[in-house]
Each structure stands twice: as structure tokens, then as C-alpha cells.
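To start, the structure itself, in C-alpha cells.
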Amino acid sequence: MAIAIMTSGGDCAGMNPAIKQFVDYCYTNEVQPYLIYDGLEGLIDGAIKAATYEDVAGIMHEGGTKIRSSRSKRFFEYEYRKQAFENLQKHGIDKIVILGGDGSFRALNQFHKDFGVNFVGIPATIDNDIYGTEYCLGVDTALNIIRQATDAVRDTSASFRRACVIETMGRDCGYLALVSAITCGAEICIIPELEYDLDSIGKRLKGELANGRKYIVCLVAEGCNKDKCISTPNLVRWLEEDIGIETRATILGHVQRGGNPTVFDRLMASEFVSYSIDKLLSDHKEGSVIVYKKSEFEFVSIEHVNSQKYKIREDLLELAKRLVN
Ligand code: F6P
């Protein structure tokens, strides 16, 4: 029996521990593990290799993905999916573990419909925006990187009596900015999921500044630059012109996607992968996604994951309400 692993879409910390656990756990279960390099693009091009212990030695603590990733347009076309299937056949692979987001799961679901290849999708994206799971691999590491950066920026802001605007990633989802605002003691949190009132924030901040506040920390989600809420440059302008405080912006960018995986992400990687392999070795005949809910792992259909847009927990949003007024 042969199972392959691949990573697809935006990389995140935790992918390497997952790849290592995959190889170790397959060998323990007397299954031949394969590595598919370069995501769906590599699947099309036949970048597939039987894994050895050497391939995964010493990667547990490294960020990114040793087998690399891609965002593939070609995989939307049947002829390339057929080529990908023929590549798998050459190695006798009929099961895949894929780490990625819902777009990658949808692509493999189509592949399953075309050729019957079984797969389990492991939610892996710093955005934490996949419906049906409370946790996606990589989020804890990203949050810790944002925490470290925010703590550092706060130090220099306090030294200069400045405000700082820190923009996080997350695509359209404000989860990273929200949790960071709560855990880093921010004064403002701007995310697409929460309505805010600049007038009332302004009154609160002016009062606090008059009362001895020396600096202001604002967390903003990158999704704000696209839709309804105030963008980072506009927030900087507002702080300088309306609140009267010198302000600097820090756009954290891709630094949030790298870095050594935290203990939590290493543990989650191990659990996500072992349960996924167990599932594939059982009588599993379709495409599923492993999700983490209320401290337990379970398997759901791709249709379930795609049925709704991810929503941030109400109780978390509640905690940040005082930062939007
Ligand atoms: O989905 C992960 C993510 O890092 C998003 O937060 C961000 O919007 C996007 O990917 C960036 O993509 P790229 O690496 O292609 O610039």
C-alpha cells in the first residue's frame, strides 16, 4: 500500500512536523510513504518520490514546507488532472494526505470525482478561515510571531509617545488581528467582522491620553484594506490628524508565515496526520477533511467545509468590543 503527502497553497509552520510524522507513521504501519513536491503543480509534473527517513530528518523545528508548495491554475483543467493521475498510478499511489486550505481541498475533490483517488485534507493556513474546524495548522505559530513583533513595536512606541498600527495577514478573515489585539493589550482592533465607531474610539483615546496614556497600539487585519473598514494608511492619517499623535505603521507581511513551529503546532501536526492515515487505512473511500472541534478530531465532507463561510466565535468577538468603541 502507498500513501502520498503534499502541501498546497500558502505554507505555514507545522507543515514540516506533519511531513515528518507522516513518514514515520507510515513506516510504523508498514505503508510506503511518498512525497509529492511543489503541491498540485508537482503532482501534474510527476515530482513524486518514495520517502526515506533521511528526507525528513531534522525538519521538525523548521518553518515552511520541505516539499514546497504552489497555487496551481493548471489543475483546474481535466487534461492536467489526468496527467497527475497517471503519475500516481506509476507509483501505485491511490491515497493522498493534503495540507492546505479549502481551495486545495476543492481541487482534490474534483480529482477524486474524476479518478476515485481517496484523500484526507488537513486544514493548514495561518488565516484560520476554514469552516467546520476551530483550528488550522500554523495559526499558533503565526500568532506568536505577531505577539513578539507587537511587543517589540510597543517598546519603541512607548519611548516616543507614538501610536503604532500593526497590520496582520489573514486574507478576508480578521482572526489573527483579533486574537493578537486581545492578547497584546491593544487599544484599537479593526477587522472586517466587527463594526467600529471612530468617533467614539477617538473620544476614548483623547480621554486616556489626557489621563497619562503614553502610546497607542492598533491591530488591523489585511482584509480591511479591501472592503468596508478603514485601511492602514487611513488609520494612520486619522490618528495623526484627529487624535494628534505621531503614528507609524508596520505591515508584518510574510514574516507571519515562517518561523519555527510552536509546540502546539508540532503536536497538532502529529495528531492531524496520524488520524488522517488511520482514516485512509480504514474503509475510507472518498475525500474528507479532518477538523478539530471542542478538543476532538473528526472527519467531515468537503461539501460540509464548503457549505458556509467561516465565522469567528462570538465570545472572541465579544472580548474585543471595547476596542472598537
Ligand atoms: O492564505 C495565507 C496568506 O498568507 C494570506 O494571509 C495572504 O493574504 C496570502 O496568503 C498571501 O499570499 P501570497 O503568499 O501569495 O502573497
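Observations on the structure shown:
- Cα shape, the stretch 62-189, gyration tensor, a/c 1.5 rule: prolate
- Rounded to the nearest 20 debye, the dipole size of the stretch 1-107 about its Cα centre is 240 debye, using +1 on the Cβ of Lys and Arg and -1 on the Cβ of Asp and Glu.
- Taking 14 Å as the straight-line reach from the Cα of LYS214, the aspartates and glutamates in range (excluding those fewer than 8 positions away in the same chain) are ASP155, GLU187, GLU246.
- If you count Lys pairs in the stretch 1-112 whose Cα atoms are under 14 Å apart, skipping same-chain pairs closer than 8 places in sequence, the total is 4.
- Charge dipole magnitude, Cβ of K and R +1, D and E -1 - the stretch 193-293, Cα centre, debye nearest 20: 260 debye
- A Cβ-based charge dipole, computed about the Cα centre of the stretch 228-285 with Lys and Arg at +1 and Asp and Glu at -1, lands at about 240 debye.
- Selected from LEU137, GLN148, PRO123, residue furthest toward positive end of dipole (the stretch 122-161; charges at beta carbon): GLN148
- Atom-type composition of the exposed protein surface of the chain places 48 percent of the accessible area on carbon and sulfur (1.4 angstrom probe).
- Pairs of alpha carbons in the stretch 168-325 separated by more than 25 Å make up 45% of all such pairs.
- Surface accessible to a 1.4 Å probe, per residue, for the residues of the chain, Å²: 44 Å²
- Among GLY9, GLN32, ILE19 - extreme Cα towards positive end, dipole of the stretch 1-127, charges at beta-carbon: GLY9
- Using C-alpha pairs under 8 Å with a sequence gap of at least 6, the mean separation divided by the residue count of the chain gives a relative contact order of 23 percent.
- Cα centroid separation - the stretch 1-35 against the stretch 268-291, whole Å: 11 Å
- Where THR150, THR250 fall by accessible area, highest first, once all protein chains stay in place (1.4 Å): THR250, THR150
- Dividing the summed -39500 (n - 2.57) terms of all DSSP H runs of n ≥ 4 by the residue count of the chain sets its mean residue ellipticity at 222 nm at -12500 deg cm²/dmol.
- Toward the positive end of the charge dipole of the chain, with +1 on the Cβ of Lys and Arg and -1 on the Cβ of Asp and Glu, the farthest Cα among LEU252, ASN109, ASN234 is that of ASN234.
The values are calculated or read from the model by the stated rules, or taken from the named source; none is laboratory data. Since this is a predicted model, take the numbers as computed values, not measurements. Reconstructed Cβ throughout: ideal geometry from the backbone, glycine too, with neighbour counts over all protein chains shown. For accessibility, only protein heavy atoms count, side chains too; no ligands or nucleic acids. Shrake-Rupley method; radii C 1.70, N 1.55, O 1.52, S 1.80 Å.
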